[in-house]
Amino acid sequence: MKGYIAGTKASIAVALAFLSTSVLAHSWVDCVKYDPINEICLGYSRGYPTRLDLNINTEYTYLFNASPTTQAMCDPIQQSTMNYTATLPMATAQPGETIYTTWEQNGHMNNASPTKVYIMYYADPNQEFSNVSERLTAPVAGSFDFATDANCYSSQPNSVCLGQWVVPSNLAPGYTYHFVWFWYFNANPAGQ
């Protein structure tokens, strides 16, 4: 899944890829750029259908089975269009800015052995992720636990969780950059 943050200073994209081995998990970013003070979302992932869509679990989840060496990093259909609206806009950000991202933990709370999310990116605004193997070499803008008591509002299955990461300060203002949310489910090297 893919989302973009664009702006006058620096633009960011967040593509979401969810992978699995035998468990088909379904969790996704609801808000790419969340304002925790005013409790509002300032920018969404590309093609975000909202929680009002009853099919969000199937149409907004992109999974890998096993440990593929070649497969599109993001859903090719979602990646082919910017797909934003006035009510679900691309967010704006500046180099060095702290970004708060939210998602529902969807029953994947794990305090004993937390799984990790990585926000990967390319510093070249003309480069997008295309293959899952790129997760092994792409720079990382931030990482955080997927779902623990420390970053989720409660242990209820659909509790909202919050991750924090920083827009790399070496990005040039005025461009759109591609970022990928990559969740290593159950420490699976293929990711989630």
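A few points about this structure:
- Per residue value of the accessible surface for segment 38-192 (all protein chains in place, 1.4 Å probe), Å²: 49
- Accessible-area ranking of Tyr153, Tyr84, largest first, probe 1.4 Å: Tyr153, Tyr84
- Each label point was placed 7 Å from the Cα along the Cα-to-Cβ direction; for Leu54 and Thr87 their separation is 1.8 nm.
- Convex hull projection area averaged over all views, segment 78-192, Cα basis, nm²: 8.1
- The peptide list 158-166, 49-57, put in order of mean Cβ contacts within 10 Å with the highest first, becomes 158-166, 49-57.
The values are calculated or read from the model by the stated rules, or taken from the named source; none is laboratory data. In this text, all values refer to a predicted model and were calculated from it rather than measured experimentally. All Cβ positions, even for glycine, are placed from backbone atoms using ideal geometry, and neighbour counts span all protein chains on display. Please note that ligands, DNA and RNA were not included when accessible areas were found on the heavy atoms of the full protein model with its side chains. Shrake-Rupley method; radii C 1.70, N 1.55, O 1.52, S 1.80 Å.
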